[in-house]
1. Could you say whether any residue in segment B:510-520 is touching a residue at least 40 places away in the same chain (Cβ under 8 Å) and either closer than 17 Å to B:MET134 by Cβ or not basic (Lys, Arg) (or both)?
2. Tell me whether segment B:78-91 contains one or more residues that are of a type in the set (Val, Ile, Thr), touching a residue at least 40 places away in the same chain (Cβ under 8 Å) and more than 13 Å from chain A (Cβ to nearest Cβ).
3. List the residue pairs whose Cβ atoms are under 6 Å apart, where the first residue sits in segment A:28-55 and is more than 10 Å from chain B (Cβ to nearest Cβ) and farther than 21 Å from B:GLY145 by Cα, the second is modelled with pLDDT under 95 and surrounded by fewer than 22 Cβ atoms within 10 Å (Cβ to Cβ), and the two are 6 or more positions apart or on different chains.
4. So in segment B:217-247, with the set limited to residues that are among the hydroxyl-bearing types (Ser, Thr, Tyr) and out of contact with any strand residue (DSSP E or B) (no Cβ under 9 Å at 6 or more places or on another chain), which one is nearest to A:ARG45 (Cα to Cα)?
5. I need the full set of residues from segment A:12-28 which are in contact with a strand residue (DSSP E or B) (Cβ under 8 Å, 6 or more places away or on another chain) and either among the basic types (Lys, Arg) or over 16 Å from A:SER127 (Cβ atoms) (or both), in order please.
6. Which one is surrounded by the fewest Cβ atoms within 10 Å (Cβ to Cβ), of the residues in segment A:68-97 that are within 9 Å of chain B (Cβ to nearest Cβ) and in a loop (DSSP other than H, G, I, E, B)?
7. Restricting attention to segment A:104-116, which residues are surrounded by fewer than 17 Cβ atoms within 10 Å (Cβ to Cβ), touching a Leu at 6+ places or on another chain (Cβ under 9 Å) and either within 13 Å of chain B (Cβ to nearest Cβ) or not hydrophobic (A, V, I, L, M, F, W, C) (or both)?
8. Given the structure, is B:ALA165 at pLDDT 95 or above, assigned to a loop (DSSP other than H, G, I, E, B) and of a type in the set (A, V, I, L, M, F, W, C)?
Amino acid sequence: MERDGPVIRVLVAKVGLDGHDRGIKIVARALRDAGMEVIYAGLHRTPEEVVEAAIEEDVDVLGISLLSGAHMTIFPRLLTLLEARDAKDILLVGGGVMPQEEVQTLKRMGVAEILLQDTPPERIVESIERLVAARGPR
Amino acid sequence: MKQESQLQRDSQGEDGAALGRLERSLRAWEEGALAAFLARRPESKPEYRTGAGLPVKRVYTALDVAELPLEEIGLPGAYPFTRGAYPTMYRGRLWTMRQIAGFGTAADTNERFQYLIAQGQTGLSVDFDMPTLMGYDSDHAMSLGEVGREGVAIDVLDDMETLFAGIDLTQISVSMTINPSAWILLAMYVAVAEGRGYDLHQLSGTIQNDCLKEYIAQKEWTFPVRPSVRIVRDTIEYCAEHMQRYNPINISGYHISEAGATAVQEAAFTIANAIAYVEEVTRAGGDVDDFAPRLSFFFVSQADLFEEVAKFRAARRVYAKVMKERFGAQKPESMRLRFHAQTAAITLTQPQPYVNIVRTAYQALSAVLGGAQSLHTNGFDEAYTIPTEEAMKLSLRTQQVIAEETNVPSVIDPLGGSYYVESLTTRIETEIFRILDQVEALGGTIAAIEQGWFQQQIADSAYAFARRKASGERPVIGVNTYVEPAEEAPIETHPYDATTEQRQIEHLRQVKAGRDEAAVERLLADLRAAAAADQNIMPATIAAVKARATMGEIVTTLQGLWGTYREQPVF
C-alpha cells in the first residue's frame, strides 16, 4: 500500500504469561500487509524487555496484546518505563479483552489506543496510521 | 467415467440397479426441475463450504456413499468406532457434565465445586491460573497481576488439600487442565489421595498433560520439546502401573482450534500428537495395549454443526486405524477414541451476550450427536471474563435440557447413515490422513513443531478466518450483522478479588517457614538425579511435594538440567 512519509515501524508483543497469540498474529499480519514494518517479539515478555526492544528498534508504535486480565497492572508499568526511558514518543497501543471503564482509565493514563477483540483488521490499520499521523514526525 | 461406474454398479445386481436409477433421476432433476427453479431464483451464494472450507453440495444422495463399505460405518463400540466408543452410549450412561471451575485461592474454588456438585454436576474440572500453568510460584516476578485470576493458584501440597477438602475423590472424577507442570499436580493429587488412605486404582480422572499442543497452539511451556515429551511418557507409565482408572493425558484439539485451526486441522494435528506420544512410550519399551486404553482426547465443538459431528466420527475412525495398523494394537480399547468436548470460546461475543447461550446450546448438541464422553458448555459471559456462578448454572442446564428433554440420547449416532454426514465423515478422514502424511514427510510431529509448521498452518487459517469475518462472508450475529448500539456493561461479570495475590503469597510463605529445608533440598537433588538418569520422575516428584517443595522449585530444579524454551514466532 502506498503511503506518504516514512514507513511506520511497529513492535508487537505479548506481555505476561497468557499464550493467546491468535489475535496478535492477525494484527501483525494485517499491519505488514498494509505496508508497515512489523516486528513480533513473541510471547511471555516482561515490560522491561518490550520497552527496551521498542527503543532499540526505534519503532513508532508498541502494540501489546493481553488476554490474561492483568492489563491494569501491565499497561501502567509500560507507561512508567517509557517515560523513564524518555521514549514517550513511542505510541503504546493495547489489544485484548478488557472492560470499557478500564479502557477509558488506561487511555487517560496515556495509552494511545485500545483495540478490543473483534476489531476488524482494516480498522486496526487505520487507527495506527491515524495515531502516527497525529503524533507527527520525530 | 460415469458410465463406467454405472456399469460396475449394474454388475452388482439389485443395489447397483437402484443406484443406476437414482443417478438417472438425479440427473433428470438437475436438468429439469432444479434448473428451472434456479433460473427463476438463484441461490444466495455461488458456492457453499463448511467451516473448514470443504465444498458442500446442495443435496446428498445414496450415490455419495455408494463407494463407502458398510464396515467403515460399523456399529457402536466396535472397530472402527465411527458410530461411538461404547455399545450402549448414552442409554447406558449419559455423558459426564463437567463444568470447569477455578479462580482465586484453593478455598475459593473449593466453594465453587461444592456449589456445582449441589447443582447436579457429575464431574469436576479444574482451571489453574497462568502462573500455575507455567510452573511459576505465586511470588515469582512473572506472576505479578495473574495470581488466581484466570484459574486457581496452586503452589504447594497444602493448596491441593484445600482444593479438594470435603470432596470424596473416589466418588467423583476430576479433570485437571494443566500441561507443562501437569506431572507436579498429578504428584500432589497422588499425595492428597495417599494422605486420605485411598487406593490409587480407585481414582478416576484426567490430567490434560498434552505438551505438544502447547508448542503448537496454547503456548504454555517450561522445558524444551523433547524433555517435555519424556515427562509425559513418565506419567503415562506411572498411571498404567498405579492408577488404572486414571487418564494420564487428554490429547487436545480444543486449543488448536481456538488458536485458529480448521476442524480438519484440529483433528489431524491432534492425532499427529497422539502418534508422537505413542511412539515415545513404545520406544521406551511400553506395550501399546498396556497404556493406550487410558489415552483420552479433547475436542472443541464449534459452530458448523454437521461438520463437527462428522469430525468426531472421522477422528474415531482414523484413530482406530492408526492404533491398529500403525501400532499393532490388539485390544479394542486401545483403538477406541474417547473424548471430552467443550463448546467454542472463540465464538462467544461481547455484543449481545445472551446470544452466546443459543450458540453454546447448538455447539453442545453437536458434541452429543458426535458421541462425546464428557462435555463443558461455556458461560455466556466468558467473552468478558471467567464466568459467574449464575452463568455456569445456565450452561449446565443447557446440557441437562439436551440430556433430559430433547430425547436425543435415546438413539446412538442418530446421524449415522445420513448421506451428508457419512460423506463428510469420509472426506474429513481422507483430509486427516493427507495431513498425517505431510507431517510424516516433515520428519514427524516433533520435527514439524520445531520447524514451526503447525504454528504457521494455524496462523494462516486464523488470518483467513479473520478476513472472512471482516468482509462479512462469515456472519457473526451482533458483530458484523444485526449489530446493535453498544450497551454499557450489559451483564454482571465475575469480580477479581484483588486480595488474592497477597493471601496466596502469605500462605506460601507460611508453608515454607514450617517445612524441613534440608529434606526439601535433598529430595529436589534426588529428583534431578532421577531425571538425569532417565528414571521415571513421578516417585521422586511425589516425595518432593510431600515435603512441601513448591511447584516453582521443582520446575527450576529440572530447568537446571534441561533448560527452558523460547519460541521462534511465526505469523
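1. yes
2. yes
3. Hits for this filter: A:ALA34/A:MET1; A:GLY35/A:MET1.
4. We begin by selecting, within segment B:217-247, every residue among the hydroxyl-bearing types (Ser, Thr, Tyr); these are B:222, B:228, B:235, B:238, B:246.
If we keep only those that are out of contact with any strand residue (DSSP E or B) (no Cβ under 9 Å at 6 or more places or on another chain) as well, we get B:222, B:228, B:238.
Numbers: B:THR222: 14, B:SER228: 21, B:TYR238: 35 Å.
Here the residue is B:THR222.
5. Taking segment A:12-28 as the starting set, the residues that turn out to be in contact with a strand residue (DSSP E or B) (Cβ under 8 Å, 6 or more places away or on another chain) are A:12-16, A:18, A:20-21, A:23-25, A:27-28.
Scanning segment A:12-28 gives A:ALA13, A:LYS14, A:VAL15, A:GLY16, A:ASP18, A:HIS20, A:ASP21, A:LYS25.
6. A:VAL97
7. Matches in segment A:104-116: A:GLY110 only.
8. Spelling it out, B:ALA165 is indeed at pLDDT 95 or above, assigned to a loop (DSSP other than H, G, I, E, B) and of a type in the set (A, V, I, L, M, F, W, C).
The values are calculated or read from the model by the stated rules, or taken from the named source; none is laboratory data. Since the model is a prediction, treat every value here as computed from it, not as a measurement. Please note: Cβ atoms are built from the backbone with ideal geometry, for glycine as well, and neighbour counts cover all protein chains shown.
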